[in-house]
Amino acid sequence: MNITVCFDKLDPAPWVKALQLALPEARVSAWSPGATQADLAIVWAPPQQFIDEQPALQALFNIGAGVDALLKLRLPAGLQVVRLDDAGMSVQMAEYVCHAVIRHFREFDAYDDNAKAGQWSYRKPRNRADFAVGVMGLGVLGERVAKALQVFEFPVNGYSRSPKQIDGVRCFAGQAQLGEFLQASRILVNLMPLTPETEDILCRATLSQLPRGGYLVNVARGRHLVDEDLIALLDEGHLGGATLDVFRTEPLPAGHPFWQHPKITVTPHTSARTLREESVAQMVGKIHALQRGEPIRGVVDPQRGY
Ligand SMILES: NC(=O)c1ccc[n+]([C@@H]2O[C@H](COP(=O)([O-])OP(=O)(O)OC[C@H]3O[C@@H](n4cnc5c(N)ncnc54)[C@H](OP(=O)(O)O)[C@@H]3O)[C@@H](O)[C@H]2O)c1
């Protein structure tokens with residue numbers, strides 16, 4: 001079995017080494033133009049040239065959960081695309097989102113400002129019941145985030161494409177229930193995949209349905225959010241703030257208004273990082289399952305876009 005590794009802006013060498021160690025029977029190498037034909041590929045945002053030059057591939061393993069960049073390529077019909085599912089990402093996402101929600105709810109930014117000014121100053125405790133969190137996308141990451149938020153006794157709402165039942169989570173599904181979901185959620189956490197249906201979904205029409213003082217946590221993709229609409233809603237006072245981990249252009253360009261906005265916290269796409277050891281273990285397990293002809297989790301439906 002030949003396995004090729006093709007990454008955009010990421011050194012393939014440690015991945016080649018780890019995969020080779022875990023799959024001694026295979027021949028693992030980093031792709032370069034003109035390389036020999038491989039049976040399987042491990043990829044992150046590969047160029048179209050890679051796909052065109054590798055017609056013998058049976059499956060592409062993406063080293064992330066989101067496959068939006070991959071599905072923009074012309075892929076041969078029948079080529080299986082497999083995403084990472086969890087592989088150490090969901091606990092990171094849960095801690096990032098809980099941190100952002102708690103920091104906002106407990107007003108830790110204001111306490112920081114007070115401390116910097118040498119002020120010992122109490123703030124009135126807020127009512128948790130007024131801070132329902134709406135998790136948009138109840139997949140591998142969204143469900144874990146919803147469960148983590150419940151530990152802190154926030155009311156939790158969830159939104160997905162198909163109806164879901166999760167203990168203690170008020171679940172909404174489909175376009176018809178989007179308005180009701182937004183109106184019931186003071187803090188909105190976006191964990192949907194980027195697809196033609198979800199692109200630009202965080203815009204004035206949706207964000208203005210959050211209650212006054214609403215807060216946005218975007219940890220999915222930058223192209224979900226219409227930047228100007230968020231800034232306008234913050235400046236008009238409808239929204240109280242936002243924590244943003246993902247951006248339309250990454251790195252976020254110098255001079256972008258998000259950097260300096262007093263109500264926006266920016267992090268550099270770091271909420272849930274791909275962990276090499278966990279990812280290699282998961283992919284190797286799936287490769288063995290495929291060899292035995294068994295079904296695997298995380299196969300992407302190209303029609304659905306995730
Ligand atoms: N910032 C980071 O570091 C980072 C790291 C990893 C992933 N991500 C992002 O997080 C996203 C989610 O990951 P995941 O593993 O949780 O994905 P997933 O398991 O595929 O779950 C996606 C969820 O979104 C829902 N959804 C999809 N399209 C929808 C629509 N049009 N309307 C309503 N709901 C819709 C799905 O509904 P159904 O359940 O009905 O299918 C599902 O619940 C990834 O696609 C990626 O973009 C970001």
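Looking at segment 35-59 only, could you name the residues that are within 24 Å of residue 199 (Cα to Cα) and either within 16 Å of the ligand (Cβ to nearest atom) or surrounded by fewer than 18 Cβ atoms within 10 Å (Cβ to Cβ) (or both)? Quick ask: steps written out before the conclusion?
To start, the set of residues in segment 35-59 that are within 24 Å of residue 199 (Cα to Cα) comprises 43-48.
The answer is 43, 44, 45, 47, 48.
Give the residue, chosen from 240, 222, 213, that is out of contact with any Pro (no Cβ under 9 Å at 6 or more places or on another chain), on the phi > 0 side of the Ramachandran plot and surrounded by fewer than 21 Cβ atoms within 10 Å (Cβ to Cβ). Before the answer, list the steps.
On the way: 240 fails: on the phi > 0 side of the Ramachandran plot; 222 fails: on the phi > 0 side of the Ramachandran plot.
Checking each option against the conditions leaves just 213.
Across segment 275-290, what is the number of residues that are surrounded by fewer than 17 Cβ atoms within 10 Å (Cβ to Cβ) and among the basic types (Lys, Arg)?
Matching residues across segment 275-290 total 1.
Would you mind stating whether residue 78 is assigned to a loop (DSSP other than H, G, I, E, B) and either within 16 Å of the ligand (Cβ to nearest atom) or of a type in the set (Asp, Glu) (or both)?
Taking the combined requirement at face value, the residue does not satisfy it.
Residue 196: at pLDDT 95 or above, touching a Cys at 6+ places or on another chain (Cβ under 8 Å) and within 14 Å of the ligand (Cβ to nearest atom), yes or no?
no
Can you tell me which condition residue 260 does not meet? The list is (1) out of contact with any helix residue (DSSP H, G or I) (no Cβ under 9 Å at 6 or more places or on another chain); (2) among the polar types (S, T, N, Q); (3) buried (at least 16 other Cβ atoms within 10 Å of the Cβ), and all the others hold.
(3)
Within segment 88-193, considering only helices (runs of 4 or more DSSP H) that don't extend past its boundaries, which have at least 2 residues that are within 24 Å of residue 278 (Cβ to Cβ)?
Fully inside segment 88-193 and qualifying: 89-105, 140-151.
In segment 241-258, how many residues are assigned to a loop (DSSP other than H, G, I, E, B) and farther than 26 Å from residue 131 by Cβ?
The total comes to 9.
The values are calculated or read from the model by the stated rules, or taken from the named source; none is laboratory data. As the structure is a prediction and not an experimental result, all values here were calculated from the model. For neighbour counting, all protein chains shown are included, and Cβ atoms are generated from backbone atoms with ideal geometry for every residue, glycine included.
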